[in-house]
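The values are calculated or read from the model by the stated rules, or taken from the named source; none is laboratory data. Just so it is clear, the model here is predicted, and its values are computed rather than measured. All Cβ positions, even for glycine, are placed from backbone atoms using ideal geometry, and neighbour counts span all protein chains on display. For accessibility, only protein heavy atoms count, side chains too; no ligands or nucleic acids. Shrake-Rupley method; radii C 1.70, N 1.55, O 1.52, S 1.80 Å.
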Amino acid sequence: MFEDGSILNQLLVERLNYFIYVVLLLIGLWAMIAKNNLIKKLIGMSIFQTAIILFYVSIGVKKGATIPIYLPEHDPHGSNLVTDSNSTELTAHGPQVLEASLVSGYTNPLPHVLMLTAIVVGVATLGLALSVCLRIYRGYGTAEEDELLEKLEREDARNTGGLTRRRPRSRRPNRNKATNNQSKRSASFESSKSQSPKNKNRRPSNSKPKVGSSSGSEPTENNKPKPRRRPRKLSARKPGENKS
Amino acid sequence: MGLELFNTLILSLLVVVAILSLWVRDLVVSAAVFAIYSFLMCLLWAEMGAVDVAFTEATVGAGVSTVILIATVFNLKRKAKD
Amino acid sequence: MKRAALILVLLIGLLLSWAAKDFPSWGNPQAPASSSPVSSHFIASTGVDTEVPNMVTAVLADYRGFDTMFETVVVFIAGLAVVSILRGGPTRRTRDRKFVVDFEPDLIVTNTVRLIVPVIQIFAFYVLAHGHVSPGGGFQGGVAMGASFILIALSWDLKTALNRFSIDRCFTVAALGIIIYAGIGLLSMVLGGEFLDYAHLSQVLPVSPEMARYHAMLGVEIGVGFTVTAIMFALYASLSTDGRMQDGL
């Protein structure tokens, strides 16, 4: 199974580092797609990013090479020159272009430079994404994707319903805007809570048109007079108005 | 064997820590584990000879990004659903 | 949804692992990235061109100066965006504020931080100024400097830190960093070279063209350090208080 030349040997023994970069990248990608929490998604994004940076840095590695800072004997800086007792040899140690054999003794600096700036920009973009998360939380009260999608869909439903419903009522155009925030939160109460005992107590006459109130959340929405602050009161009121 | 033992150990630890930081429900713990991930990454880079990148990752990845993650979680709900 | 994501991700993984067999093996000096003429040139002649022993700093601040300058601008814009996204907007509901930090700063913590912060800041200056001959540079020194302010904010409270380094001052300093960077570039352009061609600064500095590049790199790194310091602290201050800049973490 692990004999020379087989694909598994290629992948898991000789090129284990690439395999692990791929695994890290996939962990990050999967978290970005499938995780529910927005902060978890951002951690996944950072893992994705570091996997790519790791790949870049590792292709600059040379076996047996030192870090990309000149050794003292190659050091071009004047104050660090190797000075023998007689300083006549000083010019021999001045800045000089390294030969090809010495070049392979230093790690490749180019990927390091590219990735160094990428890390710093990465934390800046992470901060930007986190601020967008905070803003979403401020607007919707949640950082979970499914709850967020639910709220967005509910809001969309309210808005499209609101267009057909509110157009004939042009007397109060400014109320639409003012109650928009309220309506997205109240949407769930419309049909489910209309028969709560509290409403019955407040308006005892609605025990009769129960059928109308439970099945008719759509029609009553269409001809209800104006948006209310309290959805519960609104739906409790509808049957009475229909009756009259 | 293409890699040394040290690299192999850290690379496999990286995968474990990455999964752990996504698996934990508590977001503060998640951020702390992510700091460990960054620090392991920093060790790996120092071993690869990329000292500048390792230095940057130690200050930015393990330092500031953990702090701003925790500062954000402070304003959000701490528990995640998954 | 999750299963579809898993299948997609595994498919991508299969493709990438399939591609992995074409990559060079670990640490191969003959790998294309290592044997390319560009990186060989950087290794061979950085010392002659700039007299900077740390090749990474030289490539970062000199050969690839444009790249670093606009990365700094990206950091600046990100900080600006964070503050302006979080400032204003809909007011948060009061029920979200479950915990209000209201306590006296701890004596032991504050005194320890009082001792540590100067050391951190001097170390940050060292990292910034010594980045030519050892690992370090503007980004690392700037982040360490910003971390010292974050430490003050954590141990006392954000108000104490903002008294020393307010958000307005943050953006002034960040913009000043970019101005320093671009100013050095412009100065070399005025002196007859191209933008960010530091060798021409030897006309105003009493050194050789190579040493002029060395010193201009230091100036550029200081600019980067200013921007990164300010933006890191502004990021923390905005994110920990949700943009209100008071009673945060």
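Counting only heavy atoms of the protein chains and using a 1.4 Å probe, B:ARG25 has close to 140 Å² of accessible surface. For chain B, the dipole from Cβ point charges (+1 on Lys and Arg, -1 on Asp and Glu) about the Cα centre works out to 600 debye, to the nearest 20.
Dividing the mean sequence gap of close Cα pairs (under 8 Å, 6+ apart) by how many residues chain C holds gives a relative contact order of 25 percent.
Buried surface between chains B and C: roughly 1900 Å² of accessible area, summed over both sides, computed with a 1.4 Å probe on protein heavy atoms only. For the peptide C:72-82, the mean number of other protein chain Cβ atoms found within 10 angstrom of a residue's Cβ is 4. Loop-located GluC sites (Glu not before Pro) in chain B (DSSP state other than H, G, I, E, B) with a sparse environment of at most 15 neighbouring Cβ atoms within 10 Å: B:GLU4. Mean partner shielding of peptide A:142-151, defined as the number of other chain Cβ atoms within 10 Å of each residue Cβ, is 2. Scattering from the stretch B:2-73 was approximated by placing one identical point on each alpha carbon and applying the Debye formula without solvent; log10 I(q)/I(0) at 0.16, 0.25, 0.26 1/Å stands at -0.56, -1.07, -1.11. Residue separation of C:VAL74 and C:LEU8 scaled by 0.36 nm, minus their Cα-Cα distance, works out to 20.6 nm of gained length. Counting Cβ atoms of other protein chains within 10 Å of each Cβ in B:5-16 and taking the mean gives 3.
The sum of -39500 (n - 2.57) across all DSSP H runs of n ≥ 4, divided by the residue count of chain B, sets its helix-only mean residue ellipticity at 222 nm to -23000 deg cm²/dmol.
Over the stretch B:2-73, Cα pairs under 8 Å with separation of 6+ residues give a relative contact order of 29 percent. Derived scalar couplings between HN and Hα for the stretch A:42-47 equal 6, 5, x, 4, 5, 5 Hz in order, rounded to whole Hz, by the Karplus curve 6.51 cos²θ - 1.76 cosθ + 1.60 (θ = phi - 60°), x for Gly and Pro. With the simple spin-label model, which puts each label point 7 Å out from Cα in the Cβ direction, the C:LYS21 to C:PHE125 separation comes to 5.8 nm.
222 nm [θ] for chain C, helices only, -39500 (n - 2.57) per DSSP H run of 4+, per residue, to 500?
Mean residue ellipticity, 222 nm, calculated: -22500 deg cm²/dmol.
Candidate membrane-span-like segments in chain C, meaning DSSP H helices with Cα atoms spread over at least 24 Å of their own axis and a Kyte-Doolittle mean of 0.5 or above, are C:2-20, C:65-86, C:107-129, C:138-155, C:167-190, C:209-241, with no membrane implied. Over 25 Å between Cα atoms: which of A:LYS41/A:LYS63; A:LYS35/C:LYS159; A:LYS41/B:LYS77 fall into that group? With Cα atoms farther than 25 Å apart: A:LYS41/A:LYS63; A:LYS35/C:LYS159. What the stretch B:2-73 shows is 32 Å² of accessible area per residue, with the surface traced by a 1.4 Å probe over protein heavy atoms. Taking 0.36 nm per residue of sequence separation and removing the Cα-Cα distance, the A:GLU147/A:ASN9 pair yields an extension gain of 45.1 nm. I'd like the carbon and sulfur percentage of the solvent accessible area for the stretch B:2-73, probe radius 1.4 Å, heavy atoms only, ligands and nucleic acids excluded. Solvent-exposed carbon and sulfur of the stretch B:2-73 make up 84 percent of the total. List the residues of the stretch B:5-26 whose backbone N lies under 13 Å from a point placed 7 Å from the Cα of B:GLU47 along the Cα-to-Cβ direction. Inside the label zone: B:5-15.
Here each label is just a point 7 Å from Cα along the line to Cβ, and for B:ASP82 and B:VAL15 those points are 2.2 nm apart.
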